[in-house]
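The structure appears right after this line, and notes come after that.
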Amino acid sequence: MNKPQALIVDDEPDIRELLELTLGRMSIDTRSAANLADARRLLGESRFDLCLTDMRLPDGDGLELVETIQQQYPDLPVAVITAHGNMETAVQALKLGAFDFVSKPVDLQILRNLVNGALKLASFPERDRRSRDTLLGDSAIMQTIRSTIAKLARSQAPVYISGESGTGKELVARLIHSKGPRNESPFVPVNCGAIPSELMESEFFGHKKGSFTGAVSDKEGLFQAANGGTLFLDEVAELPLHMQVKLLRVIQEKAVRPVGEQKETPVDVRVLSATHKDLARLVESGDFRQDLYYRINVIELKVPSLRQRREDIPQLAQHVLEKLAREQNIATPRLGPVAVETLQRYSFPGNVRELENILERALTLSDGREIQPDDLALPETEAPSAEDDKSLLPEPPNGVQLEDYLENIERAAILKALEQTDNNKTAAAKVLGITFRAMRYRLKKLGLE
């Protein structure tokens, strides 16, 4: 069996020698180039399973090589070597299609993890990665989502999965994991809003015995549990600021320090995150760190609401009914044509999760053979048209700037919430569905303090 072959691109002889020795001990043959021109020539002459490139080269930079490989050798994993602390360059390389990055001075364990992941990707069998049997729907938007998932599965770049509650963000994260080379390693989901703030550091990074009251033994954290696999941070917007700082460091350094431990331990984890909240707005209000936002949002994948793909509702409904019937050991009831139309007119604020709940209730209310519109018991069956949507907002007066118009609407909503709560700002923030910190920011911005 032929040995894997790697292309090393770096103008520093010492770095090239270190990489050649490390990869040689892993039974990987290497070819080296000191500049872009030599690298491009070698790419044309030989087949490689991995490329490692420095960012600063005498005749250009590594980003140019990443682009060349993406265009001409799309199946070749390329990783970049960046200066210590220069995460902006690493993020830019990941956006261009780099598989991963490693910082100088090179940590050999992190390098070996990266190389093993890249080689696994290079030999990863081509198979049906369209996910049609898992992520249902033949609408154009869902076809695009499935295609995007297949591409994202071949990268190590952090992915931010955005979308309304109930759209299936965790399902998308699981597919990104299962369709990629980490599929045999753990997928560890965690709801960031469900962990008490005082326990977060121990939960995420683990702790040593005796490091605090109650630490009666060593404990493995979520990052260690996900080592080699994927950590899915659901509702990442709920992380307090002190944990955001620590998470940022772990993503940049690829290492964790358990509570009570003096040294860091390398971890090989791909981080996926999701929230139904608007992270950009939270960054603006100071509730979410901008630097962490850019690290976890290297690639954003927007999961559509059910309203955006109404044509998928019949297929989804049939799938849900078949699943429920199997669980209850009964024959699958038919969904009547009028019931289908009724579902397609409904706005589904709770998305797919709400569809599942509606059909579970309908299965109980129906005669068991065919589900009728009355069995659905929907609160409102008429979906607003595009013209109806427009009519819900007041027309802006002539000559009023958009920013002023939106601020007036925001001011009115806040004043109404304050009136409803007897001027209790904490309660008003809950009514508006925002944090108290965001409420204070808006009050100050609108001059309502």
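Nothing in this text is a laboratory measurement; each read-out follows from the coordinates by a stated rule. No experiment lies behind these values; they were computed from the predicted model shown. A quick note on method: Cβ atoms are made from the backbone with ideal geometry, for glycine too, and the neighbour counts reach across all protein chains shown.
Between (i) 22.3, 65; (ii) 21.9, 69; (iii) 25.9, 78, which matches Rg and Dmax of the Cα atoms in Å calculated for the structure shown?
(iii)
Using a Cα-Cα cut-off of under 12 Å, which aspartates and glutamates could be cross-linked to Lys425, ignoring same-chain neighbours fewer than 8 residues away?
Answer for Lys425, where 12 Å is the Cα cut-off: Glu449, listed by chain and number.
Helix 108-122 sits at what angle to the longest principal axis of the chain, using alpha carbons and giving 0 to 90 degrees rounded to 10?
70 degrees
Can you tell me how much longer the chain between Lys416 and Arg249 gets when fully stretched, taken as 0.36 nm per residue apart minus their C-alpha distance, in nm with one decimal?
Full-extension gain reported as 56.0 nm.
Given the DSSP H assignment, sum -39500 (n - 2.57) over each helix run of at least 4 residues in the chain and divide by its residue total; what's the result at 222 nm in deg cm²/dmol, nearest 500?
-13500 deg cm²/dmol
Looking at this model, which pairs from Lys179/Lys246; Lys302/Lys323; Lys416/Lys445 are more than 22 angstrom apart at the alpha-carbon?
Too far apart for the 22 Å limit: Lys179/Lys246; Lys302/Lys323.
Cβ neighbours within 10 Å, averaged per peptide: list 157-167, 142-152 in order, most packed at the top.
Going by the mean number of other Cβ atoms within 10 Å, highest first, we get 157-167, 142-152.
So what J values fall out for the range 309-317 if you push phi through Karplus, 6.51 cos²θ - 1.76 cosθ + 1.60 with θ = phi - 60°, rounded to Hz, Gly and Pro as x?
9, 4, 5, 8, 4, x, 5, 5, 4
Rank by packing, highest mean first: peptides 347-359, 238-250, with packing defined as the count of other Cβ atoms within 10 Å averaged across residues.
The peptides rank, most packed first, as 347-359, 238-250.
What does the net charge come to around Leu63 if you take all other residues with beta carbon closer than 12 Å to its beta carbon, with K and R at +1 and D and E at -1?
With Lys, Arg at +1 and Asp, Glu at -1, the net is -3.
How far apart, in nm, are the 7 Å Cα→Cβ label points at Lys430 and Arg310?
Distance between the two pseudo-spin positions: 3.6 nm.
To the nearest 0.05, what FRET efficiency results for Thr332 and Asp374 with a Förster distance of 22 Å applied to their C-beta separation?
The value I calculate is 0.65.
So what is the relative contact order of the chain, in percent, for Cα pairs below 8 Å that sit 6 or more residues apart?
This gives 11 percent for the chain.
Give the lysines reachable from Lys3 as a straight Cα distance under 16 Å; neighbours fewer than 8 places away on the same chain don't count.
In chain and number order, the partners are Lys120.
Quick check for you: which residues of the range 270-308 have the amide N under 16 Å from the point 7 Å beyond the Cα of Asn191 toward its beta carbon?
Inside the label zone: 274-277.
Take peptides 20-30, 272-282 and line them up by average Cβ neighbours within 10 Å, highest first, as a rough protection proxy.
272-282, 20-30
Return one number: the angle in degrees, 0 to 90 and rounded to the nearest 10, between the long axis of the Cα atoms of helix 241-253 and the longest principal axis of the Cα atoms of the chain.
40 degrees
For helix 351-365, what angle does its Cα long axis make with the longest principal axis of the chain, in degrees from 0 to 90 and rounded to 10?
50 degrees
Below 15 Å, Cα to Cα, which aspartates and glutamates can Lys169 reach? Residues fewer than 8 away in the same chain don't count.
Asp234, Glu235, Asp278, Glu300, Glu354
Report the charge-dipole magnitude of the range 171-297 in Debye, nearest 20, computed about the Cα centre from +1 at each Lys and Arg Cβ and -1 at each Asp and Glu Cβ.
That gives a dipole near 320 debye.
Let me know the charge dipole size of the chain about its Cα centre in debye, to the nearest 20, where only the beta-carbon of Lys, Arg (+1) and Asp, Glu (-1) is charged.
In total the dipole reaches around 820 debye.
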